[in-house]
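Comments concern the structure below.
The values are calculated or read from the model by the stated rules, or taken from the named source; none is laboratory data. Given the structure is predicted, the values throughout are model-derived calculations rather than measurements. Glycine also receives a Cβ, built like all others from the backbone with ideal geometry; neighbour counts cover every protein chain displayed.
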Amino acid sequence: MLDGLLRDVRGFMFDVDGTLAHRGPDGRAHPQPGAVDVLEKIRASGRPLAVFTNGSHVTSEAMAKALREDGIPVQDEEMLTPVESAITYIRRRYPDRPALMFAHDVIRARMVAAGIPQAEGEEAGVVFVAHIDEADLKDMERAARAITRGAPLLTGSYARGYAGANGIIFSRGAMVTAGIAKVTGVRPRIVGKPSRAAVEEVGKRLGLPTEHIAVIGDDAGMDIALGRMGGSKTVLVRSGISGTIDLDKLPERHRPDAVIDGVAELLEVL
């Protein structure tokens, strides 16, 4: 089934946590069996790959470096996060609007350097929530007032969390987003996985129509949904957050084309 599914695939997108790696209690990424060999075999074939994580606490370059230090050979140009897709989305849809950013300083600096002005007072034209360790209630209220005046509420991820060493690691960005969404009655727009913004970012990074890409991940509601949005081939990996999920109970838009226990199973068909 995998052989026929991936035969004409020209590029690959992988999730990180639960797919290529598992996080230990120390936060370090431990490669899944076969993960390194899979990445190296794809590169040797001349096909491009991207690694997309919904983590947005550091820059993509810093994230790629950390993965390399943990033994997963991801290059800077192969790494994607919601920050990249948010920058592209905001610059295209809301050029020159000052953004109120719930993000670490390094992420705010990255977005400002990319041409997105930072809102200093009450003039926010966009609200963007990335990963954040702490949120000031006054800033959340300021965001809510901006949204009631018409600013969109964008979030890198609205999922509950991701696979960790001892179960789910809850998303603080989703917590902040949910709080703002509750008081404003506005539905957040996701710009990470799964979203059209992320689909476009993956296609742009790989230089391919997304119909020719395979998306491999452990989360049916994020990774598989992203692939389905772009018409990509989708492979659900049972090694992460969707390990025991009943596929028959998934909505059609979250159902994968194939299911494997771990990425090592890809080696036979690449």
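Every residue in the stretch 28-53 that is closer than 23 Å to V191 by Cα and either outside any loop (DSSP other than H, G, I, E, B) or without any contact (Cβ under 8 Å) to a residue 12 or more places away in the chain (or both), please.
If the condition is that a residue be closer than 23 Å to V191 by Cα and either outside any loop (DSSP other than H, G, I, E, B) or without any contact (Cβ under 8 Å) to a residue 12 or more places away in the chain (or both), then L49, A50, V51, F52 are the ones that fit.
Kindly evaluate K193 against the criterion of being within 20 Å of T88 (Cα to Cα) and either in contact (Cβ under 8 Å) with a residue 60 or more places away in the chain or in contact with a strand residue (DSSP E or B) (Cβ under 7 Å, 6 or more places away or on another chain) (or both).
For K193, the condition - within 20 Å of T88 (Cα to Cα) and either in contact (Cβ under 8 Å) with a residue 60 or more places away in the chain or in contact with a strand residue (DSSP E or B) (Cβ under 7 Å, 6 or more places away or on another chain) (or both) - is met.
Taking the options A146, A151, A159, A135, name whichever one is assigned to a loop (DSSP other than H, G, I, E, B), touching a residue at least 40 places away in the same chain (Cβ under 8 Å) and under 17 Å from Y94 (Cβ atoms).
A151
Residues checked against (1) without any contact (Cβ under 8 Å) to a residue 60 or more places away in the chain; (2) under 18 Å from the mean Cα position of the chain (by Cα); (3) assigned to a helix (DSSP H, G or I):
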{"position": "D3", "(1), (2), (3)": "no, no, yes"}
{"position": "G55", "(1), (2), (3)": "no, yes, no"}
{"position": "G71", "(1), (2), (3)": "yes, no, no"}
{"position": "R97", "(1), (2), (3)": "yes, no, no"}
{"position": "I107", "(1), (2), (3)": "yes, yes, yes"}
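Go through the stretch 80-95 and report how many residues are surrounded by fewer than 24 Cβ atoms within 10 Å (Cβ to Cβ) and either modelled with pLDDT under 95 or not in a helix (DSSP H, G or I) (or both).
2
Quick check on G161: is it loosely packed, with under 13 Cβ neighbours inside 10 Å, within 24 Å of H254 (Cα to Cα), out of contact with any His (no Cβ under 9 Å at 6 or more places or on another chain) and not assigned by TED's automatic domain parsing to the domain that holds S239?
When the stated conditions are applied, G161 does not pass them.
Looking at the stretch 114-138 only, could you name the residues that are surrounded by fewer than 17 Cβ atoms within 10 Å (Cβ to Cβ) and within 25 Å of the chain's Cα centre (by Cα)?
Answer for the stretch 114-138, where residues must be surrounded by fewer than 17 Cβ atoms within 10 Å (Cβ to Cβ) and within 25 Å of the chain's Cα centre (by Cα): A114, G115, P117, Q118, D133, E134, D136.
Within the stretch 197-214, track down each residue that is under 12 Å from the mean Cα position of the chain (by Cα) and not small (G, A, S).
Passing the criteria: V199, E201, V202.
Restricting to the stretch 57-69, give me the number of residues that are buried (at least 18 other Cβ atoms within 10 Å of the Cβ) and in a helix (DSSP H, G or I).
Number satisfying all stated conditions: 4.
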